[in-house]
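First up is the structure itself, then whatever we jot down about it.
The values are calculated or read from the model by the stated rules, or taken from the named source; none is laboratory data. Predicted model only: the values in this text are computed from it and were never measured. Backbone-built Cβ (ideal geometry, glycine too); neighbour counts: all protein chains shown. Protein only, heavy atoms only, side chains kept; ligands, DNA and RNA dropped before computing areas. Shrake-Rupley method; radii C 1.70, N 1.55, O 1.52, S 1.80 Å.
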Amino acid sequence: IGRTIHGIYKYATDPAARARATSSGVLLDHTINKLAEQGLGTKGKITKNIAAPFFNQVEKFNREVTAIVGADYGNNLLKHGNIDALRNKFRVTGELGDKLTKNQEIEMARRLVEISQFKVDPMDLPGWVDSPLGKAAAQFRTFGYKQTDFMWNQVLREFMKGNGAPLARFVAVGVPLGAASQYVKSKIKG
């Protein structure tokens, strides 16, 4: 939560951090449009704006802030000697020095965006989605599938290992924010 707040602050006050996030490639329009199609089931611009006004702006904001947090978090992991997380979880390549290189920061930014904002490719989905019934069930719903996968891997699995912090953070922050966002969406849709 603290890292996210700091990322939002940097987003608002540090144009260089925003430029680095943009140059990392996490804001490509075709990626944002693909997410809208998958999550909302909409292809046309008018339909998308009716189904979810401001989707592109919110998605770009989320991705930029996450990219900023990713680069900062990578340097923090390096500073504290957590090489396993850098290599295995975030797949940072190359030789590690005192600080991540620009390319390594981009790797961290992109990987954190993929983990938290969901990179959705056919290879990311389970085998059952490839069947005719699976295709019908999962059409335009891959974002929801990846969100469930995220909750399992990042929250519930950690809880089962004895780490209750991710679940506590989700209950304390995620549930109220989810309810608030649902309230706002319902007001927008009338």
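Numbers for the structure displayed
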item: Close pairs from segment 81-94: first open to solvent by less than 90 Å² (accessible area, probe 1.4 Å), partner at pLDDT 90 or above and of a type in the set (Gly, Ala, Ser), Cβ under 7 Å, at least 6 apart; result: Leu86/Gly74; Phe90/Gly74; Val92/Gly74
item: Test: Arg157 is among the basic types (Lys, Arg), modelled with pLDDT of 80 or more and under 14 Å from the mean Cα position of the chain (by Cα); result: no
item: Subset of segment 97-128 [among the small types (Gly, Ala, Ser), modelled with pLDDT of 85 or more and either surrounded by fewer than 16 Cβ atoms within 10 Å (Cβ to Cβ) or within 9 Å of the chain's Cα centre (by Cα) (or both)]; result: Gly97
item: Some residue of segment 138-145 being open to solvent by 70 Å² or more (accessible area, probe 1.4 Å), at pLDDT below 65 and part of a helix (DSSP H, G or I); result: yes
item: Helices (runs of 4 or more DSSP H) lying entirely in segment 1-71 (those with 1 or more residues that are modelled with pLDDT of 80 or more and either farther than 27 Å from Phe170 by Cα or touching a Cys at 6+ places or on another chain (Cβ under 7 Å) (or both)); result: 2-13, 15-23
item: Pairs where the first residue, in segment 103-116, is without any contact (Cβ under 8 Å) to a residue 40 or more places away in the chain and the second is open to solvent by 50 Å² or more (accessible area, probe 1.4 Å) and in a helix (DSSP H, G or I), C-beta under 8 Å, 6+ apart; result: Met108/Tyr73; Ile115/Phe150; Ile115/Gln154
